[in-house]
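Heads up: the structure comes next, in structure tokens.
The values are calculated or read from the model by the stated rules, or taken from the named source; none is laboratory data. The shown structure was predicted, so the numbers you read here are calculated from the model rather than taken from an experiment. Every residue, glycine among them, receives a Cβ derived from its backbone with ideal geometry; neighbour counts consider all protein chains shown. Calculation scope for accessible area: heavy atoms of the full protein, side chains included, ligands and nucleic acids excluded. Shrake-Rupley method; radii C 1.70, N 1.55, O 1.52, S 1.80 Å.
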Amino acid sequence: VFLKSVTDAPISKPPNIEFKKINPTKVEVNVKNITQPFILVLNDSFNKNWLAEINDKTIAEENHLVVNGFANGWYLEPANFSKGNGKIILNFYPQKLMIIGTWISLNTALLSCFIILLFIVKHKRKQ
């Protein structure tokens, strides 16, 4: 994760940036002292399913860009942030769907096992 100037000129007063890779599909970025627009770059292959959220608000899709011919980038303005500071969460949306699908599958399997167990117990009591 790094910042890129919107113009060819360098960022006059670059914001402070700290990031933490939670897992391969989620990155948390804390940005402070934002005074001008910038592009936040995630140095992974571009995929439209990467979403950026600032303080729980999703960044508009038209602000998600291809940077350096391959990477994900988000055009961000100071207005996106409260008092020039904010937390940006980058999430790969299909991972969220996979987690939901796994949860549903596991619960369905557990429920099925419980129903089969009840059927077996009831059937043995009848004998």
Determine if segment 98-107 includes at least one residue that is open to solvent by less than 50 Å² (accessible area, probe 1.4 Å) and closer than 30 Å to Pro15 by Cβ. no
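Can you tell me which residue within segment 28-42, out of those that are farther than 11 Å from Lys87 by Cβ and open to solvent by less than 60 Å² (accessible area, probe 1.4 Å), is nearest to the chain's Cα centre (by Cα)? Reasoning before the result, please.
Residues of segment 28-42 farther than 11 Å from Lys87 by Cβ: 33-42.
Restricting the remaining residues to those that are open to solvent by less than 60 Å² (accessible area, probe 1.4 Å) gives 34, 36-42.
Numbers: Ile34: 21, Gln36: 24, Pro37: 21, Phe38: 19, Ile39: 16, Leu40: 13, Val41: 13, Leu42: 11 Å.
Ranking the candidates gives Leu42 first.
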Being in contact with a Lys or Arg (Cβ under 9 Å, 6 or more places away or on another chain), at pLDDT 90 or above and either assigned to a loop (DSSP other than H, G, I, E, B) or open to solvent by 90 Å² or more (accessible area, probe 1.4 Å) (or both) is the requirement here; does Glu18 meet it? yes
Quick one: is Ser112 at pLDDT 95 or above, under 28 Å from Leu51 (Cβ atoms) and in a helix (DSSP H, G or I)? no
Those residues of segment 56-73 that are within 15 Å of the chain's Cα centre (by Cα) and either touching a residue at least 40 places away in the same chain (Cβ under 8 Å) or under 17 Å from Asn16 (Cα atoms) (or both) come to a total of 1
When every residue in segment 43-92 that is of a type in the set (Gly, Ala, Ser) and assigned to a loop (DSSP other than H, G, I, E, B) is compared, the one most open to solvent (accessible area, probe 1.4 Å) is Gly69
